[in-house]
Each structure stands twice: as structure tokens, then as C-alpha cells.
Amino acid sequence: MANGGIDRRQFFINSFSASLDLPKKNARALPSSQNYTFRLYPYGSVQFTDRRVSSPLSFAHVTDLHLTPYPAAQYPNPYRHAIEWWDLTFNRPHQVFPALLRDISAAGVDFVFFGGDNIDCYEPRIAQLIVNMANEYGLKVFLQSGNHDWEPMDMRYIHHMGIYNPALRTTTLRELCRYWNMPAPYYSFELKGVRFIALDCPYMKGNNVYAGFFDEEQTDWFTDQLRYTGPIVVFSHIPFDRPTVEYRRNKVLGQGGCVADDLNGRRILRAIEGCPNVLGTFTGHFHFRSEDEVGQSCQFMTAPASDGQWRYVKISRDPAPRSLRAAGAAEVFVER
Ligand SMILES: [Fe+2]
Ligand SMILES: [Fe+2]
């Protein structure tokens with residue numbers, strides 16, 4: 001039933017209350033299998049409220065930094081020109097990165113999650129640079145790979161959007177696991193009672209459009225991970241296709257670019273939609289910000305870090321405040 005079984009009159013009361021920021025009448029009586037609520041702030045920050053979390057936890061979601069091989073002048077042509085072109089297209093990420101880390105450090109988060117396309121192609125020195133610089137700012141980091149992090153320079157800058165090479169991808173991801181301290185290309189970790197799941201979605205052309213394809217092994221692993229009875233956060237560089245994001249996707253990127261609507265893609269999406277413990281799925285890849293409904297939750301697409309963008313996320317047992325930036329409420333002082 002639409003609106004989770006809420007009768008029509010109560011639905012209008014709740015919609016009206018939400019628009020006025022009023023508490024919902026009989027909110028506790030509404031049927032829901034969801035274990036949490038969340039508030040989205042206009043600039044993209046999110047607070048989840050979950051009674052199961054005993055001490056608050058926060059993280060920064062950072063995606064699509066696209067750190068290029070640097071400096072471009074050190075590389076021979078034909079790479080040099082292409083590197084320079086992408087570096088400018090991505091708004092000079094090497095210049096943006098220190099300011100981004102400074103902002104995140106000032107926000108005081110438990111960790112930073114780098115959500116893929118962290119580097120513009122596989123260059124060990126640049127892969128290591130991300131972790132080293134984040135550590136200089138005192139930040140604990142977790143990472144996942146995107147579709148570009150494993151690509152060799154030839155593939156990225158000469159045969160752009162070229163050939164998918166599963167053997168090379170596997171070998172390079174093994175290297176990236178060492179640089180980025182990942183136990184495997186897909187993995188999970190737990191912090192303060194919250195499980196974080198990082199997916200690894202191979203990305204290639206199928207039926208003439210690019211899409212992400214999960215194999216059966218990862219799909220089985222993922223559905224097993226969702227048996228966790230506490231709060232869960234999912235990270236996937238490649239987004240799940242949502243009708244609400246299609247218009248902008250088509251304008252910016254054209255067709256495709258999402259997790260394939262095949263057997264395994266559907267199994268993972270249905271598992272997220274049906275799991276009352278999944279607070280949200282964090283994604284990137286499209287290089288713009290969006291929030292799109294997935295089951296009772298949301299897919300939070302974060303804008304690119306190469307433009308200085310990132311998303312602050314807090315998980316707490318306390319209700320979400322009016323502002324995450326200013327404590328308390330605005331008060332009127334009358335001068336006497
Ligand atoms: Fe990207
Ligand atoms: Fe990407």
C-alpha cells in the first residue's frame with residue numbers, strides 16, 4: 001500500500017507537518033519496519049537518528065577526486081597533453097585536495113571514506129599520496145576503488161573509455177589494496193556498532209552502454225553481510241539506477257552509467273530495499289549531487305571532491321538538530 005499503510009487523512013497531516021517542520025501527530029503509531037530516521041540538510045549533510053547507536057559517529061564521504069599523475073610535465077607525450085586536459089577539466093584536483101582535507105579536519109569526523117575515482121588512473125605514487133596527505137591532516141581513511149583507479153595510463157589517456165581487462169584489473173586492485181590498506185577490493189568494517197560495507201563494481205560496456213556488473217560471489221557475500229542486526233551503511237562507487245536521477249544523468253552523461261539491471265544487480269538492489277537496517281547507500285561517479293529514494297531509505301550521491309565537494313554524515317541516537325553547523329537554536333536578545 002502507498003505510504004506504508006498510513007491512511008489518506010493522516011498522510012496529509014504528516015505531509016503538512018513536515019512542510020512546517022512540526023512534530024508528526026501520532027508519529028509513534030505509524031507502522032514502519034525502519035529502525036531509524038534521517039534528516040537531510042540543504043547543503044547535503046545528513047544526520048541519521050538510530051536508538052541503537054550508543055555514541056555518535058561521523059564520517060566524510062569523498063568521491064571522484066581524480067588525482068592525476070602529477071606534475072604533468074614529468075610525463076612524456078602523448079600522456080602529458082591528455083593529463084593536462086583532464087587535470088584542467090577536473091578543476092586542478094591537486095590544488096583543491098589540501099583545502100578539502102583542511103575543511104574535513106576542521107569538521108572533526110571519525111573517518112573519511114574515499115568512494116572511488118580517487119586517482120585518475122593507476123599511478124602508485126599518486127595512490128600513496130592520498131593516504132599520506134590525509135594522515136598529515138590527522139584523518140583516518142578507508143577507501144574503495146572506482147572505475148578509473150585501476151586503469152593504466154595507456155587505457156586512460158590514449159584509448160580512453162577503452163578496453164575492460166579483468167586480469168589487469170584484478171592485479172592492479174591487489175596493488176591498490178596494499179597502498180590503501182584494504183583487506184580486499186570489497187570488504188566491510190565496523191565502528192561504534194555500525195557496519196560499513198564497501199562494494200567493488202566492475203564497470204564495462206554491455207548492450208552498447210556502460211554499466212556496473214557484480215558477480216555472483218560478491219552478490220552472495222553482500223546479501224550475507226546484510227544479516228547484521230545493527231545499523232548498516234553501504235558504499236558503491238557506481239550508483240543504482242533511480243528514476244529520479246535519470247533526467248540529470250541524461251543531460252550530464254547520456255545513457256547508462258549505473259549498476260546493470262541484471263540478476264545480480266537486481267539481487268543487490270532488492271536486498272538493500274528490503275533491509276530495515278540499511279541507513280543509506282553512498283555513491284558517486286556521476287559528478288553531481290543527488291538524493292534518491294531506495295526502498296525506505298536513500299541513495300546519497302556526493303558531488304565530486306575535485307570541485308572541493310564532500311558530504312558530512314552523522315549517526316547518533318539523538319534527534320537531528322535544526323542545524324548541524326550551529327548548536328542550539330537562534331535566540332532573540334532584547335537590548336535594555
Ligand atoms: Fe569520476
Ligand atoms: Fe566513476
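Numbers below:
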item: Breaking point among (1) under 23 Å from V194 (Cβ atoms); (2) more than 14 Å from the chain's Cα centre (by Cα), for V313; result: (2)
item: Test: residue in the range 147-157 that is more than 16 Å from ligand 1 (Cβ to nearest atom) and of a type in the set (S, T, N, Q); result: no
item: D241 part of a helix (DSSP H, G or I), away from ligand 1 (no atom under 14 Å from the Cβ) and among the charged types (D, E, K, R); result: no
item: Selection count where residues are under 22 Å from L226 (Cα atoms) and either outside any loop (DSSP other than H, G, I, E, B) or within 16 Å of ligand 2 (Cβ to nearest atom) (or both), scope the range 303-317; result: 4
item: Members of the range 77-132 that are more than 21 Å from the chain's Cα centre (by Cα) and basic (K, R); result: R80, R92, R125
item: Filter result for F300 (assigned to a loop (DSSP other than H, G, I, E, B), touching a residue at least 12 places away in the same chain (Cβ under 8 Å) and not basic (K, R)); result: no
item: Residue under evaluation F288, criteria (1) under 30 Å from T229 (Cβ atoms); (2) part of a loop (DSSP other than H, G, I, E, B), criterion not met; result: (1)
item: Checklist (1) of a type outside the set (K, R); (2) more than 21 Å from D292 (Cα to Cα); (3) buried (at least 22 other Cβ atoms within 10 Å of the Cβ) applied to E217, failing item; result: (3)
item: Residues that are among the aromatic types (F, W, Y) and within 16 Å of ligand 1 (Cβ to nearest atom), drawn from the range 301-327; result: W310
item: Unmet criterion (only one of (1) away from ligand 1 (no atom under 14 Å from the Cβ); (2) on the phi < 0 side of the Ramachandran plot; (3) in contact (Cβ under 8 Å) with a residue 40 or more places away in the chain) for L65; result: (1)
item: Helices (runs of 4 or more DSSP H) wholly inside the range 60-177 containing at least 2 residues that are more than 16 Å from ligand 2 (Cβ to nearest atom) and within 21 Å of F235 (Cβ to Cβ); result: 93-107, 124-136
item: Filtered residue count, the range 277-295, keeping only those that are closer than 18 Å to Y210 by Cβ and at pLDDT below 95; result: 0
item: Single match in C201, C275 (criterion: surrounded by 17 or more Cβ atoms within 10 Å (Cβ to Cβ), within 15 Å of ligand 2 (Cβ to nearest atom) and either in a loop (DSSP other than H, G, I, E, B) or in contact (Cβ under 8 Å) with a residue 12 or more places away in the chain (or both)); result: C201
item: Any hit, the range 168-191, residues being among the basic types (K, R), at pLDDT 95 or above and crowded, with 21+ Cβ neighbours inside 10 Å; result: yes
item: Filtered residue count, the range 53-82, keeping only those that are surrounded by fewer than 15 Cβ atoms within 10 Å (Cβ to Cβ) and touching a strand residue (DSSP E or B) at 6+ places or on another chain (Cβ under 9 Å); result: 2
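The values are calculated or read from the model by the stated rules, or taken from the named source; none is laboratory data. Predicted model only: the values in this text are computed from it and were never measured. Every residue, glycine as well, gets a Cβ built from its backbone with ideal geometry; the counts of neighbours run over all protein chains shown.
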